[in-house]
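Undergrad: Below: one structure in structure tokens.
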Amino acid sequence: MQGEELLERLFRDHYTALVRLACLLVDDRESGEEIVQDAFVRMHANLNRVRDLDAAPAYLRSIVLNLARSRLRRRRVAKRHQEVPGEFRASLEDLAALRDDQREVISALRSLPERQQQCLVLRYYAELSEAEIATALGISAGSVKTHTSRGRATLAERLEALR
């Protein structure tokens, strides 16, 4: 398969899911879309590195994760340098689309430490195995288990407190 055909197939098959993944990580649809677009640009620039076509979706997902982490780091640095810290506000369109229970789960998820958020999103939203998550995040499978377990426990406590 030629490089352009591969990119077209990846875009057609994975774009929407990658945008959702990025949005869950960075709390913002516009930023999520930008991240995924940037990931496809980087993928295009590095197509010669893709030896195994079956690994291309995982490679693209790793690019999205790395870009999302970079975006979050830049936000934290920017917040430290603001006189009055800003608060994230979802668009009215995004809020209208979510039911109350979804908003509660997403709010509780966003309150978790970053690594726990990433592990839970990749496990339960992207449906990746522990090994795939470990590869995507550059951590050990044991760390994935720990972060997932702690994140689930904290998430359960926070959601139970809302009931």
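The values are calculated or read from the model by the stated rules, or taken from the named source; none is laboratory data. Note that the structure is a prediction, hence the values are computed from the model and not measured. We place every Cβ from the backbone using ideal geometry, glycine too, and count neighbours over all the protein chains shown. Remember, those area values only see protein heavy atoms, side chains included, never the ligands or the DNA or RNA. Shrake-Rupley method; radii C 1.70, N 1.55, O 1.52, S 1.80 Å.
Undergrad: Which of 60, 78, 48 sits closest to the plus end of the dipole of the chain, meaning its Cα is farthest towards the positive end, when Lys and Arg get +1 and Asp and Glu get -1 on the C-beta?
TA: 78
Undergrad: Rounded to the nearest 20 debye, what is the charge dipole size of the chain about its Cα centre when +1 sits on each Lys and Arg Cβ and -1 on each Asp and Glu Cβ? The partial results should precede the final answer.
TA: Numbers: 27 positive and 25 negative charges, 147 e Å.
Charge dipole, the chain, about its Cα centre: 700 debye, nearest 20.
Undergrad: Could you give log10 I(q)/I(0) at q = 0.14, 0.19 Å⁻¹ for the chain, computed by the Debye formula over C-alpha point scatterers of equal weight, without solvent?
TA: After summing over all Cα pairs, the log10 values are -0.79, -1.31.
Undergrad: Still on this structure, please answer the following. Could you work out how much longer the chain between residue 6 and residue 53 gets when fully extended? Use 0.36 nm per residue separation minus the Cα distance between them, nm to one decimal.
TA: Numbers: separation 47, 0.36 × 47 = 16.92 nm, distance 0.80 nm.
Extra length from residue 6 to residue 53 when fully extended: 16.1 nm.
Undergrad: Still on this structure, I have one more. Ignoring ligands, DNA and RNA, what percent of the accessible area of the chain is carbon or sulfur (1.4 Å)? Present the calculation step by step, with values, prior to reporting the outcome.
TA: Values: 5020 of 10340 Å².
Carbon and sulfur together cover 49 percent of it.
Undergrad: Now for a different question. Full extension from residue 103 to residue 44: what is 0.36 nm times the residue separation minus their Cα-Cα distance, to one decimal in nm?
TA: Stretched fully, the residue 103-residue 44 segment lengthens by 17.7 nm.
Undergrad: Ok, one more. Just the number, please: Stokes-Einstein D of the stretch 1-84 in µm²/s, Kirkwood Rh from C-alpha pairs, 37 °C, 0.692 mPa s. Don't skip to the answer; put the middle values down first.
TA: Numbers: Rh = 13.5 Å.
The estimated diffusion coefficient comes to 244 µm²/s.
Undergrad: Shifting gears a bit: Ignoring everything except DSSP H segments at least 4 long, calculate the 222 nm mean residue ellipticity for the chain; use -39,500 (n - 2.57) per segment, divide by total residues, nearest 500.
TA: Value at 222 nm, helices only: -24000 deg cm²/dmol.
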